[in-house]
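The numbers here are math on the coordinates, done by the rules we state, and not lab data. What you are looking at is a predicted structure, and each value in this text was computed from that prediction instead of being measured. Counting neighbours? That spans all protein chains shown, and the Cβs are built from the backbone with ideal geometry, glycine included.
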Amino acid sequence: MRVSPKVFYENCYGKYAIPAVNVFTMEQVHALFSAGEKADAPFIVQLTPAARNYADPRMLEAMIKGAVKIYPKVSYAVHLDHGDETHALDAIASGNYQSVMIDASHEDFVTNVAKTRTVVKKAHASSVVVEAELGVLSGVEDDMSVAEELAKYTQPSQVEEFVALTGCDSLAVAVGTSHGAYKFSGGKGIQFNILKEIQSRLPNFPIVLHGGSAVNLVEIDRINKAGGELREDASGVPADEIVQSIAFGVCKINIATDTRLLWTRVHREFFRDIPELFDPVIPGKVYMEEYEKFMLEKFDLFKATGKS
Ligand code: G3H
Ligand code: 13P
Ligand code: NA
Ligand code: ZN
C-alpha cells in the first residue's frame, strides 16, 4: 500500500525509523521491495536528480509500479531526494511521488526559506509532503576550529522559525553525518546535544538523517581485496548511534552508499573469481540476494520490522 510519509512519521516518532533508500537500478528496486515485504516493514524508495537523469524518471517510476505489483503487501512511499525546484515541481506534477525534498540548504537562510516555501505551496496543493534541509551536511575535519565546526551544523535557534515560515513537513538536519564512505573524518559521531536541542524546539516534529550508511569495513576490505582502492579511513554511522537517534525524533534515515558498496563488492568478486563469465544475470542475482539480506538487517536495526 502506498502511504504518505506523514502517516509513517506519526506512527514511528520516537519508536522506530523508516529507511529511505536511493535506487538507480532494477535490481535495487526488486530487492528493496522484496525485503520490505519479507520484513513486513515500511520503507521509502527515493530517487535523486542524478538517478532521474541517469535512468529517466519514467523508467524508474515504472519499475516502482512494477515492484508494487510483484510485492503487493508492502507499505511504501515514493520520495524525491535532494530535489532542486525543477525536479521537485516536476515530481509533484507527475503524481508519482508522495513526498519531495527541496534541498536549498546551500543557500542563505532567507533564500532557503523562500525556495522551500514555493515548493511547499505547490506540493501541499497536490497532497504531497515536503522535506526541507537546514544546515550544511559535510564532514567535520580534524583541523577545524570550534566556530568553523559549529557553523556546519544545523543551528537549533533557527529551526522553529524555519519550519513555521516554510510549512515543511519534516526537516533534514546537519548533526555530524555526511554523504559517502568517509564520514566523521574528525573522529566525531552524531552530535546528540544538537539533536536534543532541535527536538526540544520542535517537539514531535519528524527529523531526517541524511548520510545514514554504516559503511561496513568488512565490505571495504572485500572490495579492496578484489581490486578496489577505497581508502582505509572509510567510516559510517555506528549502529548504536542510529538506535539512539530514534529517541531524539529521527524518523527517516537515508541510505545510498551502503548499497553502492555492496554492488561494488559483489561485482568485483564475481569478475575476480569467475573471469571466464560475462553474464549480468549471475552477479545481478547475487546482488539482489545480498541487498535483501542487508535491508532485513536495517529494518531490524531501525526497529521497523513488523511495523508495516
Ligand atoms: O544524497 C544522496 C545520494 O547519495 C546522492 O546520490 O546524487 O548520485 O544520486 P546521487
Ligand atoms: P549515505 O551516503 O550515508 O548513504 O547517505 C545517503 C543520503 O543521505 C541520501 O540522501
Ligand atoms: Na531526502
Ligand atoms: Zn542526502
Item to complete: Evaluate the distance, in nm, between pseudo-label points positioned 7 Å from the Cα of residue 146 and of residue 243 along their respective Cα→Cβ axes.
Response: 3.2 nm
Response to the item:
The rounded separation in angstrom of the Cα centers of region 1-59 and region 261-308 is 17 Å
Worksheet item: Binning every alpha carbon pair distance of region 256-306 at 10 Å from zero, what are the percents per bin?
Response: 24, 45, 22, 8, 1
Worksheet entry | When each of 115/183; 121/293; 65/303 is checked by Cα-Cα distance, pairs over 30 Å | 121/293
Discussion item. Please check: in the Gaussian network model of the chain (C-alpha springs, under 10 Å), which one of 278, 270, 205 has the largest mean-square fluctuation.
Written reply: 278
Fill in: Residue among 206, 57, 275 with the largest mean-square fluctuation in a Gaussian network model of the chain, springs linking Cα atoms under 10 Å
275
Discussion item. To make sure I understand, if each residue's beta carbon is the centre and we count other beta carbons within 10 Å, what order do 288, 59, 144 fall in, fewest to most?
Written reply: 59, 144, 288
Discussion item. If Rh is defined by the Kirkwood formula over all Cα pairs and Rg also comes from Cα, what ratio Rg/Rh do you get for the chain?
Written reply: 0.96
Worksheet, complete the sentence: Counting Lys and Arg as +1 and Asp and Glu as -1 over every other residue whose Cβ sits under 13 Å from the Cβ of residue 272, the net charge comes to +1
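Viscosity 0.890 mPa s, temperature 25 °C: what is the translational diffusion coefficient of region 1-94 from Stokes-Einstein with a Kirkwood Rh over Cα pairs, rounded to a whole number of µm²/s?
Details: Rh = 13.6 Å.
Translational diffusion coefficient: 180 µm²/s.
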Practice prompt. Among 276, 161, 289, determine the one that fluctuates most according to a GNM of the chain built with springs between C-alpha atoms less than 10 Å apart.
Written response: 276
Practice prompt. Per DSSP H run of at least 4 residues, take -39500 (n - 2.57); add these up for the chain, divide by its residues and hand me the 222 nm value, nearest 500 deg cm²/dmol.
Written response: -15500 deg cm²/dmol
Item to complete: State the Kirkwood hydrodynamic radius of region 157-308 in Å, one decimal place, computed from all pairs of distinct Cα atoms.
Response: 17.2 Å
Worksheet item: Between their Cα atoms, which of 152/225; 152/285; 38/252; 6/38 are more than 31 Å away from each other?
Response: 152/225; 152/285
